[in-house]
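Novice: Got a structure here, written out as structure tokens. Questions coming.
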Amino acid sequence: MTRPILRTALVFAVLFIALLINVTIIQFVRVGDYRDRPGNQRVLLEEYDRERGPILVGSDPVARSVETGDTLRFLRTYSDGPLYAPVTGFYSIVYGATGLERQENRILNGKSDLFFIERTEQLFAGRQQLGGAVETTIDDRAQRAAFEGLQGKIGAVVAIEPSTGRILASAQTPSFDPGILSSHDPSEIRAYYEALKADPDKPLLNRPIVSLNPPGSTFKLVTAAAALASGKFTADSVLPGPATYRLPQTKTELRNWNRGPCAPGGKLTLAEALAVSCNTAFAWLGNELGADALRRQSELMGFGTGFELPLRAATSRFPENPDAPQTALSAIGQFDVRATALQMAMVGAGIANAGAVMRPYLVQEIRAPDLTVLKTTEPEVFEQAMTEANAAALTEMRVSAVEQGTGSNARINGGSVA
């Protein structure tokens with residue numbers, strides 16, 4: 001009789017210990033995860049009682065809190081909501097937060113350790129706790145130009161300052177209005193959110209940094225960089241550019257966009273091939289270089305790395321172990337090559353910055369409630385992806401593509417565009 005009782009007592013003791021361990025993990029180890037979970041409405045309701053700090057573009061607040069006089073004391077509002085939605089995200093009583101509203105939540109709600117002194121002063125002075133400000137790197141004119149240029153299309157634009165990695169524009173269409181999702185009307189919020197989710201064009205997707213697509217001919221910049229790095233090719237090297245190129249080991253014929261040869265006689269220089277976006281020349285070049293060289297060059301420019309801006313960007317990729325025909329297609333940005341708009345902006349910016357690819361960032365400064373600067377993001381080199389000489393040569397090739405080739409839509413009167 002004693003043995004079954006002891007066995008039962010032992011089982012209950014083990015279960016009690018397991019319960020204590022679980023409670024300890026929840027209350028002390030994972031408390032931050034549970035607290036910051038988007039659907040944690042208890043925390044959200046508590047935070048609606050204090051003034052949340054602004055998200056700034058320059059000195060202008062594009063997201064800020066206004067007093068309502070209601071039970072939910074503050075309402076989050078957005079200036080030009082759809083314009084800045086990929087940056088700010090939304091702050092919802094129903095669905096939590098996204099974008100910088102989520103990623104910089106502890107700055108905006110004033111609970112970051114950076115505000116320890118301010119919180120202490122506010123406590124002793126009996127003042128309401130205030131949130132800090134997040135100043136973005138976004139340039140208003142660049143953002144508006146990108147957004148307006150996208151109207152009527154499905155796509156994204158990212159613009160990067162080459163010398164620093166500052167993200168000057170991150171725009172998308174379609175977009176959404178974060179102000180509706182951040183209202184105090186749960187039924188309105190749910191109806192709008194469900195409509196956005198049902199939209200096949202996915203306006204809630206942060207397209208500039210998350211959407212992975214075949215980069216197509218923009219990847220020819222990476223292939224050209226790999227060709228120059230190999231030492232076997234220069235801008236003046238002559239490449240075959242016939243009307244068709246038979247993919248190795250297959251009967252498949254790859255064609256050019258113009259359905260003909262890229263130049264009279266089917267031969268042209270590397271610079272000319274880039275200017276006219278010659279598929280057959282770059283497919284041939286990809287096989288000459290090999291997949292390893294293409295992958296190595298792409299990784300130097302950011303492929304294969306996940307970047308936090310602090311928003312988490314999807315990782316762009318070059319395929320693993322492609323065969324010869326797959327390598328040819330990869331060299332022109334097809335097959336299984338996938339990249340974000342952010343990634344291809346990094347490629348262009350790195351070439352323009354003498355071959356140095358800078359680590360991209362979206363937050364310039366963190367400020368206290370009185371707007372004094374507490375933290376500033378400093379530019380950081382990600383990789384020296386090209387020599388200065390090769391970067392200068394490729395920049396000249398890009399200028400030719402705009403002035404004489406397929407990039408003519410990018411021309412600006414009175415200036416050179418690469």
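Novice: Dipole size in debye (nearest 20) for the stretch 41-205 around its Cα centre, Lys and Arg Cβ +1, Asp and Glu Cβ -1?
Specialist: That gives a dipole near 280 debye.
Novice: Still on this structure, I have one more. For Ser170, what is the net charge nearby, where nearby means another residue's Cβ is under 13 Å from its Cβ and Lys, Arg count +1, Asp, Glu -1?
Specialist: Summing Lys and Arg as +1 and Asp and Glu as -1 gives 0.
Novice: Local charge sum around Gly306 (other residues, Cβ-Cβ under 15 Å, Lys/Arg +1, Asp/Glu -1)?
Specialist: Combined, the nearby Lys, Arg, Asp and Glu give +1.
Novice: From Cα pairs below 8 angstrom and at least 6 apart in sequence, can you work out the relative contact order of the stretch 41-205, rounded to a whole percent? Display every interim value, and only then the final one.
Specialist: On the way: 304 pairs, mean separation 39.9, N = 165.
Dividing the mean separation by the residue count of the stretch 41-205 yields 24 percent.
Novice: Here are some pairs, Lys153/Lys202; Lys111/Lys197; Lys153/Lys220; which of them have Cα atoms lying more than 22 Å apart in this structure?
Specialist: Pairs exceeding the cut-off: Lys111/Lys197; Lys153/Lys220.
Novice: How high is the relative contact order of the stretch 183-262, in percent, counting Cα pairs under 8 Å that sit 6 or more residues apart?
Specialist: Contact order relative to length: 14 percent.
Novice: Could you please tell me the mean projected area of the C-alpha convex hull for the stretch 150-203, averaged over all directions and given in square nanometres to one decimal?
Specialist: 4.9
Novice: Excluding Ala281 itself, what net charge comes from residues whose Cβ is under 10 Å from its Cβ, given Lys and Arg +1 and Asp and Glu -1?
Specialist: Around Ala281, the charge tally is +1.
Novice: Can you list which of the trypsin sites (Lys or Arg not before Pro) found in the stretch 235-284 are DSSP loop residues with at most 13 other C-beta atoms within 10 Å?
Specialist: The qualifying sites are Lys251, Arg259.
Every number here is computed from the coordinates shown, using simple stated rules; none is lab data. If you're wondering where the values come from, they're calculated on a predicted model, not measured in any experiment. Glycine also receives a Cβ, built like all others from the backbone with ideal geometry; neighbour counts cover every protein chain displayed.
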